[in-house]
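**Q** Take a look at this one; I'll ask things after.
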Amino acid sequence: CGDVAPKIQFFVSLYGSFDQFLVVIKKTQSLLAMNVDRVIKPNIALLLQCGLSVRDIAQLCSRVTWLLTFNPERVKELVLRAEELGVPRSSGMFKEALATVACTTKENCAARLDFLESTLGCSKSEVATAVSKKPNIIAISDESLLRKIHFFINEVGLDPQSILQRPVLLTYSLEKRLVPRHCVMKALLAKGLLKGNVSFYKFAQIGEETFRLKFVDPHTDSVTGLAEAYATARGGSVPP
């Protein structure tokens, strides 16, 4: 088609490179069939009005590749739903809130909020505050949330308020991150090798390389089998 080349140029400019455009087009092949002036540009203009930069929009639409193909009226609805989660347009979390509501129905969002409230025994306002900090927790399945909450309360010893104050904890992998790091924390505590009041949140939130350099590698001699136990736990088996 004669208008394909200008469209490709437009999307390459938006996504920053031809390679990134290819990643997106493979996921959403209908992108080139959309009317740029009537659909794509009005959606971009709306997202710009929400305070997102062109780079933010490109990142958002690389994750939710079909977002730009929505009817502009539907995108307006998604913006309102993101705000209803308690995430203002001025927040750095607004992009994440948009990505979440674009992938989750309004009914599922409401059900997930009710689930968190009943499972944690907290008020609606407490859950709403947690969601405003980390909107994508409402995209996590009930089963996954329940397993993590039980782990935090029964194994780590956190109370519901502590979980809600650090909602990012709910987004981490239980098998690959939370359980293995808790195993290391317990081993170091048992040997008296942790200085100060180190919280589990600190153990969970730092990057993998930094975690190994700070909490695993320096103690391989003083805690026999620590590295192996950590690797085993990350592989899905919790050592005795």
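**Q** In the stretch 23-35, what residues are part of a helix (DSSP H, G or I) and either more than 14 Å from V4 (Cα to Cα) or of a type in the set (K, R) (or both)?
**A** Once the filter is applied, which keeps residues that are part of a helix (DSSP H, G or I) and either more than 14 Å from V4 (Cα to Cα) or of a type in the set (K, R) (or both), the stretch 23-35 yields V23, V24, K26, K27.
**Q** Which of (1) open to solvent by 80 Å² or more (accessible area, probe 1.4 Å); (2) under 30 Å from A128 (Cβ atoms); (3) free of Cβ contacts under 8 Å to residues at least 12 places away in the same chain is the odd one out, the single condition L48 does not satisfy?
**A** L48 satisfies all of (1) open to solvent by 80 Å² or more (accessible area, probe 1.4 Å); (2) under 30 Å from A128 (Cβ atoms); (3) free of Cβ contacts under 8 Å to residues at least 12 places away in the same chain except (1).
**Q** What are the residue pairs meeting all of these: first residue in the stretch 95-106, first residue free of Cβ contacts under 8 Å to residues at least 60 places away in the same chain, second residue hydroxyl-bearing (S, T, Y), Cβ atoms under 8 Å, and 6 or more apart or on different chains?
**A** A97/S91
**Q** Against the condition at pLDDT 95 or above and either out of contact with any Ser or Thr (no Cβ under 6 Å at 6 or more places or on another chain) or not charged (D, E, K, R) (or both), how does N136 come out, does it pass? Spell out the reasoning first.
**A** Working: at pLDDT 95 or above: no; either out of contact with any Ser or Thr (no Cβ under 6 Å at 6 or more places or on another chain) or not charged (D, E, K, R) (or both): yes.
Judged against the criteria, N136 is not a match.
**Q** Among the residues of the stretch 110-153, how many are open to solvent by 50 Å² or more (accessible area, probe 1.4 Å) and hydroxyl-bearing (S, T, Y)?
**A** The qualifying residues number 4.
The values are calculated or read from the model by the stated rules, or taken from the named source; none is laboratory data. The model shown is predicted, which means the values in this text are computed figures rather than measured ones. Cβ: placed from backbone, ideal geometry, glycine included. Neighbour counts: every protein chain shown. Just the protein is used for accessible areas: all its heavy atoms, side chains included, with ligands, DNA and RNA removed. Shrake-Rupley method; radii C 1.70, N 1.55, O 1.52, S 1.80 Å.
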